[in-house]
Amino acid sequence: MEIIIKNKKHLTSAAKQLLKYTGDKKILAFYGSMGAGKTTIIKALCGVLNATDIVSSPTFTLVNEYRTSAGESIYHIDFYRIKKQEEVFDFGVEEYLTGDSYCFMEWPELIEEFLPAETVKIRITVDNLEQRTLSISL
């Protein structure tokens, strides 16, 4: 499936469409080049899920936890700064990947072999008009 985001005004509707399509799957891996919009799309998803915290890139902290208005957790992980795969176990990545909370990941290709089979893979491409296309694999 593909979702096209023509501009920022379409982010919320794209996030709703993505969550509807993924159903009960809560592990989402976002692939794309630097500046493709991974964090921006995750912010929109958190907004649709009623996150009450400010959503920001966890590039330096590796993991951000956001709370929803219902008190549920959403995890946002950024593997960009991971140098060795062993580092992901140092912060307990397996707990995030096996829990019942949403887990949104940036730069997952760095830990590809550890992703659960039910991970939804979302490839973001940008065209010359700055339009984003989300290609989703369940």
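Quick look at the values:
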| item | result |
| --- | --- |
| For the chain, built as a Gaussian network whose Cα springs stay under 10 Å, the top-fluctuating residue of Ile42, Ile54, Ile74 | Ile54 |
| Positive-end extreme of charge dipole, the range 2-137 - chosen from Ser137, Ala14, Leu45 (charges on Cβ) | Ala14 |
| Fully extended contour minus Cα-Cα distance, from Ser137 to Lys25, at 0.36 nm per residue | 39.2 nm |
| Projected label distance in nm at Lys8 and Thr68, using a 7 Å step from Cα toward the beta-carbon | 2.6 |
| Relative contact order (%) - the range 2-137, alpha-carbon pairs under 8 angstrom, separation at least six | 35 |
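All of the numbers you see were taken from the coordinates with simple rules; none came from a lab. Note that the structure is a prediction, hence the values are computed from the model and not measured. Every residue, glycine among them, receives a Cβ derived from its backbone with ideal geometry; neighbour counts consider all protein chains shown.
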